[in-house]
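Questions regarding the structure given below will be posed in turn.
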Amino acid sequence: MKTRTTTMKALLSATCMATLLISGGVMAKTPDNVKLAIDVPYEPFVYRAPGGELEGFEIDLGNELCKRAQLECSWVEQPWDGIIPGLLARKYDAILSSMAITPERERQVLFSIPYYNTPSIWITARDRDIDIDDRDSLKGLSVGVQRGSIRDVYVTEMYGDVLDVRRYGSSQDVENDLESGRLDLAFEDYPLAIESIDFRNDDSPFKQIGTEISTPKRIFGSGAAMAFRTRDKALAEKFNQAIRDVYSDGTFDTLMNKYFDYDLSIHSELAK
């Protein structure tokens, strides 16, 4: 009887394991040290301080989320164009790097709930007369975007037939070529542009043209979120609760106001 019972238990265990595998895999165990990937620099979200340490809004937010989730975390620097492949290759456990939720990315990764949202904008030299809505007048003009970003997707799809789309490894490279006159336009994330390009003052060398862009949703998504491997549902839920917590007690607003003079919160989205 003991042998038969043991055998039956083993059979049931194997059957349950097979069922789990067939239905999408065994849920992964939360790692002891959670490695978070981030693309550096992306001021004021992340940058390197004079002493070499990483600082910025997302560093502060990520550290606070790990604390709320009772997890030990460390940061891994990863260039943007390889950030999802690195996650899938298990170089780190999650991405916390201003990644917008989009349908294409949702086919590859599991997203947390969003933690902020911002639009994108067009920037050009102040002395340039460019009408972004007049497609015929744009022919032959150059625009810089960060390679692999949602802004790359948008400009390529919406303006690739009229603009010379030039892709760069980082937003800083885009800004360098705009400031040197090698680009006619830059299409940038709004908060990043505010930090790195002087365009809001009347006497500044650059200006925003057109309206702020955050649609279509299939390209721009519904906000920035953390990204996980699809099997890591338990880890994602730990961070989901931590995001809700930092919003509910005002910590998110405190961190936001430390770095920004505008609102990028998503209180209304979390209330849904």
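Out of (1) modelled with pLDDT of 95 or more; (2) open to solvent by less than 10 Å² (accessible area, probe 1.4 Å); (3) farther than 30 Å from K238 by Cα, what's the single condition that is false for E157?
(2)
What's the total number of residues in region 163-187 that are more than 30 Å from R48 (Cα to Cα) and either open to solvent by less than 20 Å² (accessible area, probe 1.4 Å) or within 23 Å of the chain's Cα centre (by Cα) (or both)?
Here the count works out to 1.
Something else now. Failed condition for A271, given (1) of a type in the set (A, V, I, L, M); (2) surrounded by 15 or more Cβ atoms within 10 Å (Cβ to Cβ); (3) modelled with pLDDT under 95, with all others met?
A271 satisfies every listed condition except (2).
Could you grab me the full set of residues in region 143-170 that are out of contact with any Ser or Thr (no Cβ under 6 Å at 6 or more places or on another chain) and in contact (Cβ under 8 Å) with a residue 40 or more places away in the chain?
Those that are out of contact with any Ser or Thr (no Cβ under 6 Å at 6 or more places or on another chain) and in contact (Cβ under 8 Å) with a residue 40 or more places away in the chain: V143, G144, V145, R147, G148, S149, I150, V153, Y154, E157, G169, S170.
Quick check on region 188-200: of everything there that is open to solvent by less than 30 Å² (accessible area, probe 1.4 Å) and at pLDDT 90 or above, which residue is nearest to Y159 (Cα to Cα)?
So, considering only residues that are open to solvent by less than 30 Å² (accessible area, probe 1.4 Å) and at pLDDT 90 or above, the one nearest to Y159 (Cα to Cα) is E188.
Show me the strands (runs of 3 or more DSSP E) entirely contained within region 16-135 in which 1 or more residues are open to solvent by 70 Å² or more (accessible area, probe 1.4 Å) and at pLDDT 95 or above.
Because the criterion is at least 1 residues that are open to solvent by 70 Å² or more (accessible area, probe 1.4 Å) and at pLDDT 95 or above, the strands (runs of 3 or more DSSP E) in region 16-135 that meet it are 33-38, 72-77.
Let me ask something else about it. Provide a single number: the residues in region 111-141 that are within 30 Å of S222 (Cβ to Cβ) and touching a Pro at 6+ places or on another chain (Cβ under 7 Å).
Within region 111-141, residues that are within 30 Å of S222 (Cβ to Cβ) and touching a Pro at 6+ places or on another chain (Cβ under 7 Å) number 1.
Now, a different point. Residue by residue through region 201-246, note down the ones that are surrounded by fewer than 16 Cβ atoms within 10 Å (Cβ to Cβ), closer than 16 Å to F187 by Cβ and touching a strand residue (DSSP E or B) at 6+ places or on another chain (Cβ under 8 Å).
G210, E212
The values are calculated or read from the model by the stated rules, or taken from the named source; none is laboratory data. Note that this is a predicted model, so its numbers are computed, not measured. Glycine also receives a Cβ, built like all others from the backbone with ideal geometry; neighbour counts cover every protein chain displayed. Each accessible area value is taken on the protein alone, full model and side chains, heavy atoms only, with ligands, DNA and RNA left out. Shrake-Rupley method; radii C 1.70, N 1.55, O 1.52, S 1.80 Å.
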